[in-house]
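The values are calculated or read from the model by the stated rules, or taken from the named source; none is laboratory data. Keep in mind that what you see is a predicted model, and the values were worked out from it rather than measured. Quick reminder, even Gly has a Cβ in these numbers, built from the backbone with ideal geometry, and neighbours come from all protein chains shown.
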Amino acid sequence: MNEIWIQIKRKTEVPTKYQRNHETRIDWKTIHTIEKEDSRKIFQTISNGPIRTTSEFAFLIHENFGPGHYMCIARTPTSPHFFLFLKFVCDNIYYKIEPTYTSYKKRKRKFAPRIHKNILRNIRLATTDEDRKFYEQELAYAEEQDKEKGLTQNRRGPHPYLVNTPRTGQLCEMEDYRDKINNINNNEENIEEGYTQGFW
């Protein structure tokens, strides 16, 4: 599996510039970046890292940066586009994955290939039901073709890098991954520095 680049952002309140209407505003501050090389030390699906589930990944972020509201955006080497990897809120025990509040229609338009945009425009401008049905069938056929080719309209979420994602909005307990590191240390003679000295 390909390595992955992840930027971790934390929701913080910062003072506004002129403070006419509001004294503070919400900002997503970048607190850390997981480089592609580091992802090999962290994720089990890429190499032999200890992190396999979203609960362990949330624990890793909590362990290093404390409780808070986090958003992780990512990019793979094969794609030039960024995607939302994980967005969650955590306290000292639990975490909750948050929805992105983006409608399916918006996502579909944003990530659809140009041919889909043209068909969507034709559906919107169709004057008769017959024309609308024809363009809807054309869109369904184009989407089927994309599925066969392996193209996706949108890329969201931690799959396939992390598994065991709870439902959006459901409280889930964070899992401690450090026992796995101890097992790796006991089983291997040559240990990479990333395991013994922490990731960051």
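Listing for the model above:
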| quantity | calculated |
| --- | --- |
| Selection status of Ile115, at pLDDT 65 or above, among the β-branched types (Val, Ile, Thr) and over 30 Å from Glu56 (Cα atoms) | no |
| Test: Ala58 is of a type in the set (A, V, I, L, M), assigned by TED's automatic domain parsing to the domain that holds Lys180, touching a strand residue (DSSP E or B) at 6+ places or on another chain (Cβ under 8 Å) and closer than 21 Å to Lys180 by Cβ | yes |
| Cross-chain or 6+ apart pairs with Cβ under 6 Å, the stretch 157-178 first and within 11 Å of Thr54 (Cβ to Cβ) and modelled with pLDDT under 85, then hydroxyl-bearing (Ser, Thr, Tyr) and surrounded by 16 or more Cβ atoms within 10 Å (Cβ to Cβ) | Asn164/Thr53; Thr165/Thr54 |
| Residues of the stretch 34-73 satisfying the condition of being farther than 14 Å from Ile8 by Cα and not in a helix (DSSP H, G or I) | Phe43, Gln44, Thr45, Ile46, Ser47, Asn48, Gly49, Pro50, Ile51, Arg52, Thr53 |
| Residues of the stretch 14-32 satisfying the condition of being modelled with pLDDT under 90 and assigned to a strand (DSSP E or B) | Val14, Pro15, Thr24, Arg25, Ile26 |
| All positions within the stretch 44-102 that are closer than 23 Å to Ile26 by Cα and acidic (Asp, Glu) | Asp91, Glu98 |
| Those residues of the stretch 41-54 which are of a type in the set (S, T, N, Q) and surrounded by 15 or more Cβ atoms within 10 Å (Cβ to Cβ), in sequence order | Gln44, Thr45, Thr53, Thr54 |
| Tyr135 being more than 30 Å from Glu175 (Cα to Cα), at pLDDT 85 or above and surrounded by 15 or more Cβ atoms within 10 Å (Cβ to Cβ) | yes |
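Here is a yes/no grid of residues against (1) in contact (Cβ under 8 Å) with a residue 24 or more places away in the chain; (2) closer than 24 Å to Thr168 by Cα; (3) surrounded by 16 or more Cβ atoms within 10 Å (Cβ to Cβ):
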position: Thr12; (1), (2), (3): no, yes, no
position: Tyr18; (1), (2), (3): no, no, no
position: Glu23; (1), (2), (3): no, no, no
position: Ser39; (1), (2), (3): yes, no, yes
position: Glu56; (1), (2), (3): yes, yes, yes
position: Glu63; (1), (2), (3): no, yes, no
position: Pro67; (1), (2), (3): yes, yes, no
